[in-house]
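S.K.: The structure that follows is given in the form of structure tokens.
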Amino acid sequence: MNSLFAQELRLSKRHEEIVSQRLKLLQQMKSKFGDQNKEKASQIQAAEAAFKRNLSLLKDIEAAEKSLQTRSHPLPPPEVVSLETLYWASVEEYIPKWEQFLLGRAPYPIGVENQNEAENTIRNKAQR
């Protein structure tokens, strides 16, 4: 009977040691998990701050680029814009006539008196 009592006492102590060790390990895991969460939160916060900083820098760069463009290429006066618009409208109007002439399907589009001169110019360009 003594041996059973001694064995039970030994097993009880071993059980307490195991439970104590388990409790320590659980506390270590909890602590480590908490540290990992804090580190992750810190990394997320740093990433968000970097994103905001990069966004701000990008806006500054775009503003500087726009400023440089307006300084180096100021908008032309309204008269020039109007003339340019009229010019391109005229070009679009005459494209079909010139296209047919350049493809050899139609005569010189402007007038017969300039046709020989225009054909010579085109031939000279083609020979080069």
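The values are calculated or read from the model by the stated rules, or taken from the named source; none is laboratory data. A quick note: this is a predicted structure, and the numbers were derived from the prediction, not measured. Each accessible area value is taken on the protein alone, full model and side chains, heavy atoms only, with ligands, DNA and RNA left out. Shrake-Rupley method; radii C 1.70, N 1.55, O 1.52, S 1.80 Å.
S.K.: Is it true that some residue in the stretch 72-87 is modelled with pLDDT under 90, assigned to a helix (DSSP H, G or I) and either open to solvent by less than 100 Å² (accessible area, probe 1.4 Å) or of a type in the set (Asp, Glu) (or both)?
M.R.: Checked against the condition, which is being modelled with pLDDT under 90, assigned to a helix (DSSP H, G or I) and either open to solvent by less than 100 Å² (accessible area, probe 1.4 Å) or of a type in the set (Asp, Glu) (or both), the stretch 72-87 yields at least one hit.
S.K.: Quick check, is Leu55 open to solvent by 90 Å² or more (accessible area, probe 1.4 Å) and either of a type in the set (A, V, I, L, M) or assigned to a loop (DSSP other than H, G, I, E, B) (or both)? Let's see the steps before the verdict.
M.R.: Working: open to solvent by 90 Å² or more (accessible area, probe 1.4 Å): no; either of a type in the set (A, V, I, L, M) or assigned to a loop (DSSP other than H, G, I, E, B) (or both): yes.
No: the conditions fail for Leu55.
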